[in-house]
Amino acid sequence: MASPDKTAAPPNRLFPGGDAGARRARSLDKGDVPAALLDRYLVERDRQGRPERYYRDHRAREPMFQDKGRSLVARQSYPDTVADMLKVAEHRGWSSLRVAGDDAFRREVWVQAQALGLEVKGHRPTERDRAAAAPAGREQGPPAADRDRSPERKPASRTVEARLAMAAQVVRAMVVDPEMQARLIARAWTRAAPYLERSRDAQDRPSRGGRDR
């Protein structure tokens, strides 16, 4: 009988932080998840009938993540899986989070949690992490007045499209499954679509700065 591999990496874990303010309101109940997640995954339940393991489809050997009640566990760091784990955390009132596991997982949790206003402990963000967490279209650079005077200033929609293209390259490099690649890229474009539409409408709107005088 083969002995267990003691060098195997520990699973990636997401669990509530130690803030006293959220302790009274937060839930640690296994299966306490948004209803939409139960429709999105194939779910295996524990002996008490509580949802526990969430699979992408019937061919998957391992679940995308597991619900252990006091923590959420995943083997991989897929962006869409992290997004769903954060939805569970937010649903349970975990306003402060702690992460453990590999660098990619801790980084992905930190970046996505910023948009939700969730505090994350267990990861020290780099400048690149902070840039990735910045709202779409917000770029560091000269003051707004100077940017407005620049004739070469790019429309915000082009900035978002460039970021989406870069994200697609990262997905193709990190994710082997072509179907999953397509899902992740399509999801990113769907999320960005309202912002792109507003930006393009603003660009097409005629200027009123004295043109009709």
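Things worth noting here:
- Inter-residue pairs, beta-carbon under 9 Å, first without any contact (Cβ under 8 Å) to a residue 24 or more places away in the chain and in the range 58-72, second of a type in the set (S, T, N, Q) and part of a loop (DSSP other than H, G, I, E, B), 6+ apart: Glu62/Gln76; Met64/Gln76; Phe65/Gln76
- Residue in the range 8-54 that is modelled with the lowest pLDDT, counting only those that are under 22 Å from the mean Cα position of the chain (by Cα) and of a type in the set (D, E, K, R): Arg26
- The condition (being among the aliphatic types (A, V, I, L, M), assigned to a strand (DSSP E or B) and either modelled with pLDDT under 95 or assigned by TED's automatic domain parsing to the domain that holds Leu14 (or both)) is satisfied by just one residue among Val109, Val88, Val99: Val99.
- Elements of type strands (runs of 3 or more DSSP E) contained in the range 27-76, each with 1 or more residues being in contact with a helix residue (DSSP H, G or I) (Cβ under 8 Å, 6 or more places away or on another chain): 51-55, 65-67, 72-74
- For the range 181-193, the candidate set comprises residues that are at pLDDT 70 or above and of a type outside the set (Gly, Ala, Ser); within that set, the residue that is surrounded by the fewest Cβ atoms within 10 Å (Cβ to Cβ) is Thr190.
- All positions within the range 93-112 that are within 15 Å of the chain's Cα centre (by Cα) and crowded, with 18+ Cβ neighbours inside 10 Å: Leu97, Val99, Phe105, Arg106, Arg107, Glu108, Val109, Trp110, Val111, Gln112
The values are calculated or read from the model by the stated rules, or taken from the named source; none is laboratory data. If you're wondering where the values come from, they're calculated on a predicted model, not measured in any experiment. Cβ sites come from the backbone with ideal geometry, for glycine too, and all protein chains shown count toward neighbours.
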